[in-house]
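What follows is a set of notes on a single structure, which appears directly below.
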């Protein structure tokens, strides 16, 4: 109880304090608050993972009912990830924001929002009362919305922010319907009442309820086709906020889906295969669009959709495993999903932070303008490369471990499944492989064009590496990425308790990963060591042999052409040209070109802008028609004051007349009921 | 362990045999079978020239490329004898570690800032993405028919009984052979002998590598051939005693090398924009195997 009060006091106290501090003081205050909150919530979370569950009952008001707080293993896992992201992101943010030191008011707001975002995300993992959950969810959404608006003088940023705000509220709408649906039947907002109610009303109602919650949370998580806000919001926000949004904010959607799986009784086979299908589509669609992007952060944002797809594949497999009473499939599926939540938060925040470094140094995120940064910013380049390898799921890094768990689950299930499911398995692993291959195209492009080769654009300012302190959190994340790759079992063992929550749903025998086929992870870890050793040995041999040999430098071989310019280099668009042509049907690329003509060609230009087809069909067209329809009512808003007064009078009259005609309305409703 | 030694020996001869076959087919005498090995040894002794544009990525890329293929080779078994690395799902590791090598060879090429090498890198990235599902569907079908998920267990329990299993094994060797051709950038995807940089894939990516690094890249190619040869061999070996098996192993490797040599002599390279379709066809052959396995297991009615 004391800890809880302390935890709640920290954000309030810091928020009040921050406006009165200097820029440096703000940074220190924010970070101190983040550390304190991380210590308190982290301590509780670790306690929970050791086996002591945290439960607390607060008396609420007459609307919300009693407010129950509870940290179970699932919440604990997410709390730890949130803490890690905020600790590294906050530290990075202090240095990233230092170039905006003069915008004091803006910084104060940003600092307060950062604390609020942290507190609300942690709160969402703990609260077990739908009413309060929605309020905290709203705090989270609003603070994220305002954080995105940091560079609000830029029109594109405001547009992206508003897009986020609207889509967040659609998500809240669905969640609200879900919570109200239960509370209208049971009179309580407590999560337990969802559990009990759905236990007694299995079948269509539970499915409907789950559907509402799923859509609500899926909008936040960014499953296709609910993903359209993501590619706008991520590039608009400051780098540390993008890192945190991609690392943990969208994961709160995943948390919500997992939480609802624990609460609502559904047909696991059906729900599992639906999630699996949606995730495969998300994974493929996300990465396929990512490849086309020219904006580095937008590219990363589309990759978040892909990774949400991979996490979803894990959840889907886990559910199907529950449906088939298959402990191996279900434990590996959920473990893969949960581990990928951590992994993605690590490498994606690292990618966003390094992209932030690039932005800080060059003031642009346009891939086509960058190039050769590895020589100017070697450490940023190395860290980006590390994260890029990890996100492609390559050994010896963490991404491989979570994907390996999913593959193990799939192949382990292969022998027991019947024909329809075998085809499903084939589809799933082909999708995973394709996602991996496409991610490789994407990140060889991103890394190769941004960091390698020579500069494609002359910058008027000097480009230099960011400060060492700013790189510290990035190295810290990098160390974790490698550690998970090399010691996978250590991390997997932490997952036993969260996974047990799910296997218990169907009373599957599962106490640890021993005997579930994950001992092989030890071999995977060992093989990764072997790879590193091998690379070092070959490196040593080369060093030894080359000692006395000639090592000359010369220009790149131009195949006979002797006056190459940086403009001759392969660009990002040309790198993916053949890919774009092959999959042209899926994309929508707006071209704007003027071709070379004649013997003495004059100027020519070529410009492409990738656009999202789903966005066009799901958002743009309906909006256009809605606008057309609503335009019909423009006569109401005619700008004449007397009309507006008339509307006011009409409104008041109609309100006043309600009691008068109440009897009639009631009678009509009764009549309808009798029908 | 056995497979490691045998594949290494086979790697020494494999490319030499291909080159010799091609020379004989074109009416020349051709170099000795060990000439590629001598080439590599000579390169190892040479100094190197690095491009001014390139940085640490270019220097480490050949090493990681080589190490990844060696590590992949370590997972390949020899009949019932395990590879150096063997665990459930090792073929996933096999594919992913090869992908790591490819990632580095691609960014190594991009590091030189050459438009030609960028072109090769772009093609390599696209084609390897297409080739991977074929391998996974193939291994998935083999895992399905044997009920195991490690190379060694799959191959040692793969019994060729009915005619349909023979069909599956032959289709599987076809897929593996073509994957080997794609991985090594051979016909009909790529022509190692072409003169024009615009039409190359692999050769154009290593234009700037020299000395030790080039030697590493070339020897990686040799190992890759022998490694896929060993995988094809494993499809048929079953539980034949080691003495005969080793003989058959070398005979098969030689046969494959000659076959590749003949294919390369009499087939022209496809047009670049047809390559993708060609590789996707490979995935459909893998799918055929997949459905064949479902038939064998009686999972279809």
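The values are calculated or read from the model by the stated rules, or taken from the named source; none is laboratory data. Everything numeric in this text was worked out from a predicted model, so none of it was measured. Positions of Cβ are backbone-derived with ideal geometry, glycine not excepted, and every protein chain shown enters the neighbour counts.
Can you tell which of B:72, B:80 is more than 25 Å from residue A:380 (Cα to Cα) and either buried (at least 24 other Cβ atoms within 10 Å of the Cβ) or out of contact with any helix residue (DSSP H, G or I) (no Cβ under 7 Å at 6 or more places or on another chain) (or both)?
Numbers: B:80 fails: either buried (at least 24 other Cβ atoms within 10 Å of the Cβ) or out of contact with any helix residue (DSSP H, G or I) (no Cβ under 7 Å at 6 or more places or on another chain) (or both).
The match here is B:72.
In segment A:511-615, which helices (runs of 4 or more DSSP H) lie fully inside it and hold 1 or more residues that are loosely packed, with under 15 Cβ neighbours inside 10 Å and assigned by TED's automatic domain parsing to the domain that holds residue A:401?
Numbers: elements: A:520-546, A:572-575, A:577-582.
Fully inside segment A:511-615 and qualifying: A:520-546.
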Of all residues in segment A:458-480, how many are in a loop (DSSP other than H, G, I, E, B) and either crowded, with 16+ Cβ neighbours inside 10 Å or out of contact with any helix residue (DSSP H, G or I) (no Cβ under 8 Å at 6 or more places or on another chain) (or both)? 7
Residue check, residue A:331 against (1) more than 21 Å from the chain's Cα centre (by Cα); (2) under 20 Å from residue A:449 (Cα atoms); (3) assigned to a helix (DSSP H, G or I), all met but one. Which one? (2)
Of (1) at the interface with chain B (Cβ under 8 Å from one of its Cβ atoms); (2) part of a helix (DSSP H, G or I); (3) within 21 Å of the chain's Cα centre (by Cα), residue A:402 satisfies every one except (1)
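Within the bounds of segment A:540-551, is there any residue that is under 35 Å from the mean Cα position of the chain (by Cα), more than 9 Å from chain B (Cβ to nearest Cβ), on the phi < 0 side of the Ramachandran plot and free of Cβ contacts under 8 Å to residues at least 24 places away in the same chain?
Narrowing segment A:540-551 to residues under 35 Å from the mean Cα position of the chain (by Cα): none.
No: zero hits.
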Quick one: which of B:91, B:58, B:136, B:104 is more than 7 Å from chain A (Cβ to nearest Cβ), assigned to a helix (DSSP H, G or I) and within 25 Å of residue B:275 (Cα to Cα)? B:104
Which number in (1) over 16 Å from the mean Cα position of the chain (by Cα); (2) assigned to a helix (DSSP H, G or I); (3) at the interface with chain A (Cβ under 7 Å from one of its Cβ atoms) marks the one condition that residue B:43 misses? (3)
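Need at least 1 residues that are within 12 Å of chain A (Cβ to nearest Cβ) per element, so show me which helices (runs of 4 or more DSSP H) inside segment B:182-301 make the cut, counting only ones lying wholly within it. Step through it out loud before you land on a result.
Working: elements: B:202-205, B:211-237, B:242-266, B:272-296.
So the answer is B:202-205, B:211-237, B:272-296.
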Filter segment A:369-379 down to the residues that are closer than 26 Å to residue A:232 by Cβ, in a helix (DSSP H, G or I) and within 13 Å of chain B (Cβ to nearest Cβ) and list them by number. A:373
Of the candidates A:436, A:453, the one satisfying the condition of being buried (at least 18 other Cβ atoms within 10 Å of the Cβ) and either at pLDDT below 85 or not assigned by TED's automatic domain parsing to the domain that holds residue A:292 (or both) is A:453
Selected residue [at pLDDT below 90, closer than 30 Å to residue A:134 by Cβ and crowded, with 24+ Cβ neighbours inside 10 Å] from A:318, A:247, A:286: A:247
If a residue must be over 16 Å from residue A:5 (Cβ atoms) and either in contact with a strand residue (DSSP E or B) (Cβ under 9 Å, 6 or more places away or on another chain) or part of a helix (DSSP H, G or I) (or both), how many such residues does segment A:42-58 contain? 8
Take the conditions at the interface with chain B (Cβ under 10 Å from one of its Cβ atoms) and either over 16 Å from residue A:299 (Cβ atoms) or not in a helix (DSSP H, G or I) (or both) and apply them to residue A:361. Does it pass? no
Scan segment A:415-429 for residues that are facing chain B (nearest Cβ under 7 Å), surrounded by fewer than 21 Cβ atoms within 10 Å (Cβ to Cβ) and not in a loop (DSSP other than H, G, I, E, B) and jot them down. A:419
